[in-house]
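Novice: Structure below; questions to follow.
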Amino acid sequence: MMRSTLDHLVIVSPTLPLGAQFDERQLAVQLQPGGKHMRMSTHNLLLRLGESFYLEVIAPDSEAPVPTRPRWFGLDELTAQSSPYLAHWVARTERLDSADERLRQVFGEIEPMSRGGLSWKISIQPDGHLPLQGAVPSLIDWGESEHPAKRLDDKGCQLQRLEIAHPEPCVVERELQSIGFTGPVSVLRSERYALKAYIATPHGLRIL
């Protein structure tokens, strides 16, 4: 049976400077440079949230060629006027290549990705949309690569929990069970989908 746990949070933004301003306004800490994802024409900034968790701010890379495919994390749906927001989360697992057809239909096709010296496999919907609007995670398998959180400076931030609000929480819970998920995540009923992350910082508990 597949087993998975929380890996990182994803803030989408039309540009990295806007994403950095949003995050630093909310958490009062500075993010670190990440790198470029050549296949997706995106780039990111990172913040460590524990030994095995981190936060990613990701945006289209205006200096990269326009990709021949939809970008991941629904980034093509953003406009210059869009505000950065916590859009998605990613769960870490192993042997992702062995995912069956049903799992691929829900979470996306398994594709190789890289950034700098890191390489991994990740599930991506072919149209770039998020699975269940982002309520269920993308799946990542770091393989032999060192986990990015171990490379980041400790800014004193720790993820406490992630709340997922969804009109059909039983659907979200069923999909989390299908990937053997365990971690600091709770699923709540709500009229509309939303993510809320509780993060302990040197300035107290902050909410994204």
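Novice: Once phi is turned into θ = phi - 60°, what whole-Hz ³J(HN,Hα) does the Karplus curve with 6.51, -1.76 and 1.60 give for every residue of the range 153-166, x standing for Gly and Pro?
Specialist: Going residue by residue, I get 5, 7, 9, x, 9, 9, 5, 8, 6, 10, 9, 10, 9, 7 Hz, with x marking Gly and Pro.
Novice: Further, regarding this structure: Hey, if you drop one equal point scatterer on each alpha-carbon of the chain and run the Debye formula without solvent, what base-10 log of I(q)/I(0) do you get at q = 0.12, 0.15 Å⁻¹?
Specialist: Result of the Debye calculation: -0.57, -0.94.
Novice: Give the cross-link partners of residue 36 among the lysines, using a straight C-alpha distance below 21 Å as the criterion and excluding same-chain residues fewer than 8 apart.
Specialist: Qualifying lysines at Cα under 21 Å: 121, 150.
Novice: Percent of alpha carbon pairs in the range 137-208 separated by more than 17 Å?
Specialist: Details: 1489 of 2556 pairs.
Summing the P(r) of the range 137-208 above 17 Å gives 58 percent of all pairs.
Novice: Along the Cα-to-C-beta direction of residue 198, a point sits 7 Å from the Cα; which residues of the range 61-94 have their amide N less than 20 Å from that point?
Specialist: 86-90
Novice: Let me ask you something else. Tally up the carbon and sulfur contribution to the accessible surface of the chain as a whole percent, 1.4 Å probe, everything protein left in place. Write out the running numbers ahead of the final one.
Specialist: Numbers: 4870 of 9950 Å².
In the chain, the share of accessible area belonging to carbon and sulfur is 49 percent.
Novice: Right, another one. Can you give the charge dipole size of the chain about its Cα centre, rounded to the nearest 20 debye, using +1 on the beta carbon of Lys and Arg and -1 on the beta carbon of Asp and Glu? Walk me through the numbers on the way to the answer.
Specialist: Values: 22 positive and 26 negative charges, 64 e Å.
Computed charge dipole of the chain: roughly 300 debye.
Novice: Right, here's the next one. Which of the listed residues, 47, 58, 31, is farthest toward the dipole's positive end in the range 24-72, when Lys, Arg count +1 and Asp, Glu count -1 at the beta-carbon?
Specialist: It is 58.
Novice: Shifting gears a bit: Of 133, 148, 160, whose Cα points farthest to the positive end of the dipole of the range 122-164 (charges on the beta-carbon: +1 Lys, Arg; -1 Asp, Glu; origin at the Cα centre)?
Specialist: 160
Novice: So what's the projected area for the range 88-186, the Cα convex hull averaged over all directions, in nm²? Present the calculation step by step, with values, prior to reporting the outcome.
Specialist: On the way: hull surface 28.8 nm².
Value for the range 88-186: 7.2 nm².
Novice: Report the charge-dipole magnitude of the range 149-204 in Debye, nearest 20, computed about the Cα centre from +1 at each Lys and Arg Cβ and -1 at each Asp and Glu Cβ.
Specialist: Details: 8 positive and 7 negative charges, 31 e Å.
Result for the range 149-204 is approximately 140 debye, rounded to the nearest 20.
Novice: Can you give the % of DSSP beta bridges in the chain that are antiparallel, to the nearest 5?
Specialist: Working: 38 of 53 bridges.
Among the beta bridges of the chain, antiparallel pairing accounts for roughly 70 percent.
The values are calculated or read from the model by the stated rules, or taken from the named source; none is laboratory data. The model shown is predicted, which means the values in this text are computed figures rather than measured ones. When we count neighbours, we look across all protein chains shown, and the Cβ atoms used for this are built from the backbone with ideal geometry, even at glycine. Areas reflect the complete protein model, heavy atoms only, side chains present, ligands, DNA and RNA absent. Shrake-Rupley method; radii C 1.70, N 1.55, O 1.52, S 1.80 Å.
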